[in-house]
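Read the structure below first, then the notes.
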Amino acid sequence: MQRTQAMTSVQPDWENFHPRPISEKIPYFSRDGRLYDCLFAQQLNRELLEHLFKTATALKAITRKKDGADHVGNLLSDKRAMLYFVQPSTRTFMSFLNACHILGIKTSEIRDTSTSSEVKGETPEDTVRTFSSYVDMIIMRHPAPGFVEKTAWLMNRTGRPVPIVNGGSGKDQHPTQALLDAYTLYRSFDGELDNKHIVMVGDLKRGRTVRSLSYLMKNYKGVSLSFVSPKEFRMETDILDFLKRHNIPFQETEDFKGVMKTADAIYMTRIQDEHDKSGESKAVDYSPFYFKQEHLKLIKKTCVILHPLPRRHEIEVSVDDDPRAVFWRQERNGMWARAALLAYIFGVDGKIK
Ligand code: CP
C-alpha cells in the first residue's frame, strides 16, 4: 500500500497530535484515500457505510453455500490478526474472531494482561508494537480512552505499520458497534436511514456506543435525536456540540414514555457502572429508563428496538418475542459488518460479489 501525502511527512509527537480535531487526523489513518486504521466513527462516511452494508449482505448470502464459503475463506488466508482485548467483551470479541475466520484470517489473542509480558513491566506501547512483528492487523479493546488511537499513531511511525481496528476504547468510541448499529437500521428500514427519529436511552454520559452512533448520524438527512437519561448521565457536551455544528436537531429529556411514541428506533443501553469512581450509580433510579412489555402498545408498528448488549434489566425479556425487538439480529449483524470492514481494509472487498 502506498502511504498518503500526510504519511510521507514527518508525523508529529503524540502530545502534539492527540489534541487535534479528528478531521485533521483522518489522513494519518488512511492509505490511498481508503480507511486503513478504523478508530473513530467520524471516519465512516455515507458512501463507505453503504458499501460496507452491501458487502456485509453479500458475504452473508455467498457463505450460505460451501463453495461460496470456500471462496470467501480463501480471500485473506495469507493474513494473520491479533485480537488484543484487555477489557471484558463477549460479542465484539466473538464477532471479530468469527469475521476473521469467515475470511480465512488466522487469529491469535490476548484477553488479560496478566498473561502477557506487561506483568514484567513492559509498557502497553511496547506490547502492541511487539504484535506487529507477528501479525498483519491488530483488533483491540482497551479501557484507556485514546490508547487505540495511540497504537495506530505509534504503528505509523514504525517501519512495519499494520492496520489497527478499534473494538472499544474506554468511554470514548466504539466505531464498529456504530457500524453494525447503522447496518441493523439499514436492514430494518429497507435501506432508508434518512428522516428518522432515533431515541437513545440510558447512561449516555459513559456509553461509548451512543457516542459513536451519534457521530454517524451526520451522514443522514432529516435525522432527529432524543436523548433520554437520568440527569446524572446526560450526553456529554462534545457530542451535543458536534450535533449543533452539523445541524442535527436533538432534545434531552427524562420523559421516555413521551418520546417513544414518535420514535422510528429506540436504542437502549445499560448503566455503565464499571466507570464509577465511588459507587455513584447506586444513587440513581434507572427504572424510568427501562423498556417494558407495556410499552410495546405505545410505539409505532414500524419502530425497532436496539441494544448493543449486554443487557441487565433495561429491556424486559418478554419484549424479545416482539418482531420489533431486533437486538439479537443486531449482534449477529456485527459479524457480517465487521467481516465487510476487514475485507475492505485489506482490499479484497471487490472480490465479494
Ligand atoms: N456491544 C458490545 O460491545 O458487547 P461486548 O462488550 O460483549 O463486546
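The values are calculated or read from the model by the stated rules, or taken from the named source; none is laboratory data. Owing to the predicted nature of the structure, the values given are computational and were not obtained by experimental measurement. Please note: Cβ atoms are built from the backbone with ideal geometry, for glycine as well, and neighbour counts cover all protein chains shown.
Working carefully through the options 325, 265, 340, find the one that is of a type in the set (Gly, Ala, Ser) and not assigned by TED's automatic domain parsing to the domain that holds residue 210.
Details: 325 fails: not assigned by TED's automatic domain parsing to the domain that holds residue 210; 265 fails: not assigned by TED's automatic domain parsing to the domain that holds residue 210.
Just a single option satisfies the conditions, and that option is 340.
Quick one: residue 233 ticks every box in (1) modelled with pLDDT of 95 or more; (2) crowded, with 17+ Cβ neighbours inside 10 Å; (3) touching a Phe, Trp or Tyr at 6+ places or on another chain (Cβ under 8 Å) bar one, so which box is it?
(3)
Please pick out the residue among 254, 274, 314, 294 that is modelled with pLDDT under 95 and either out of contact with any helix residue (DSSP H, G or I) (no Cβ under 6 Å at 6 or more places or on another chain) or among the charged types (D, E, K, R) (or both). Please lay out each step first, then the result.
Values: 254 fails: modelled with pLDDT under 95; 314 fails: modelled with pLDDT under 95; 294 fails: modelled with pLDDT under 95.
When all the criteria are applied, what remains is 274.
If I ask for residues that are over 17 Å from residue 307 (Cα atoms), of a type in the set (A, V, I, L, M, F, W, C) and within 14 Å of the ligand (Cβ to nearest atom), which ones from region 163-196 would you list?
165 - this is the single residue of region 163-196 that is over 17 Å from residue 307 (Cα atoms), of a type in the set (A, V, I, L, M, F, W, C) and within 14 Å of the ligand (Cβ to nearest atom).
Looking at region 89-129 only, could you name the residues that are among the polar types (S, T, N, Q) and closer than 30 Å to residue 67 by Cα? Reasoning before the result, please.
Restricting attention to region 89-129, the residues satisfying the condition of being among the polar types (S, T, N, Q) are 89-90, 92, 95, 98, 107-108, 113-117, 123, 127.
Across region 89-129, the qualifying residues are 90, 92, 95, 98, 107, 108.
Residue by residue, here is whether (1) touching a residue at least 12 places away in the same chain (Cβ under 8 Å); (2) of a type in the set (Val, Ile, Thr); (3) more than 20 Å from residue 165 (Cβ to Cβ) holds:
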{"site": "16", "(1), (2), (3)": "no, no, yes"}
{"site": "55", "(1), (2), (3)": "yes, yes, no"}
{"site": "58", "(1), (2), (3)": "yes, no, yes"}
{"site": "79", "(1), (2), (3)": "yes, no, no"}
{"site": "86", "(1), (2), (3)": "yes, yes, no"}
{"site": "97", "(1), (2), (3)": "yes, no, no"}
{"site": "102", "(1), (2), (3)": "yes, yes, no"}
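Filter region 316-348 down to the residues that are over 30 Å from residue 75 (Cα atoms) and either of a type in the set (Gly, Ala, Ser) or over 21 Å from the mean Cα position of the chain (by Cα) (or both) and list them by number. Show your work before the answer.
Going residue by residue through region 316-348, those that are over 30 Å from residue 75 (Cα atoms) are 316-326.
Of everything in region 316-348, those that are over 30 Å from residue 75 (Cα atoms) and either of a type in the set (Gly, Ala, Ser) or over 21 Å from the mean Cα position of the chain (by Cα) (or both) turn out to be 316, 317, 318, 319, 320, 321, 322, 323, 324, 325.
For region 238-283, give me each residue that is closer than 24 Å to residue 172 by Cβ, in contact (Cβ under 8 Å) with a residue 12 or more places away in the chain and part of a loop (DSSP other than H, G, I, E, B).
Selection gives 246, 248, 269, 270, 271, 272.
Where in region 1-107 are there helices (runs of 4 or more DSSP H), lying wholly inside it, with at least 2 residues that are more than 17 Å from residue 344 (Cα to Cα) and not basic (Lys, Arg)?
Working: elements: 5-8, 14-17, 22-25, 46-62, 66-74, 91-103.
The qualifying helices (runs of 4 or more DSSP H) are 5-8, 14-17, 22-25, 66-74, 91-103.
Suppose we filter region 74-117 for residues that are exposed (fewer than 14 other Cβ atoms within 10 Å of the Cβ), hydroxyl-bearing (Ser, Thr, Tyr) and more than 16 Å from the ligand (Cβ to nearest atom); how many remain?
Selection size over region 74-117: 5.
If I filter region 312-336 down to residues being assigned to a helix (DSSP H, G or I), more than 16 Å from the ligand (Cβ to nearest atom) and not aliphatic (A, V, I, L, M), which single residue comes out as nearest to residue 177 (Cα to Cα)? Quick ask: steps written out before the conclusion?
So in region 312-336, the residues assigned to a helix (DSSP H, G or I) come out as 317-321, 327-336.
Next, from what is left, pick out any that are more than 16 Å from the ligand (Cβ to nearest atom): 317-321.
Then keep just the ones that are not aliphatic (A, V, I, L, M); that gives 318, 320-321.
Values: 318: 25, 320: 20, 321: 23 Å.
So the residue we want is 320.
If you scan region 130-162, which residues turn out to be over 30 Å from residue 66 (Cα atoms), buried (at least 18 other Cβ atoms within 10 Å of the Cβ), more than 18 Å from the chain's Cα centre (by Cα) and of a type outside the set (S, T, N, Q)?
Passing the criteria: 131, 153, 154, 155, 161, 162.
Could you list, ordered by first residue, the pairs with Cβ atoms under 8 Å in which the first is in region 212-237 and touching a residue at least 24 places away in the same chain (Cβ under 8 Å) and more than 14 Å from residue 263 (Cα to Cα) and the second is aromatic (Phe, Trp, Tyr) and surrounded by fewer than 21 Cβ atoms within 10 Å (Cβ to Cβ), at least 6 apart or interchain?
214/242; 215/242; 218/242; 230/286
Out of region 138-153, which residues are more than 14 Å from the ligand (Cβ to nearest atom) and either without any contact (Cβ under 8 Å) to a residue 60 or more places away in the chain or part of a strand (DSSP E or B) (or both)?
The initial filter retains those residues of region 138-153 that are more than 14 Å from the ligand (Cβ to nearest atom), namely 138, 144-147, 149-153.
Matches in region 138-153: 138, 144, 145, 147, 151.
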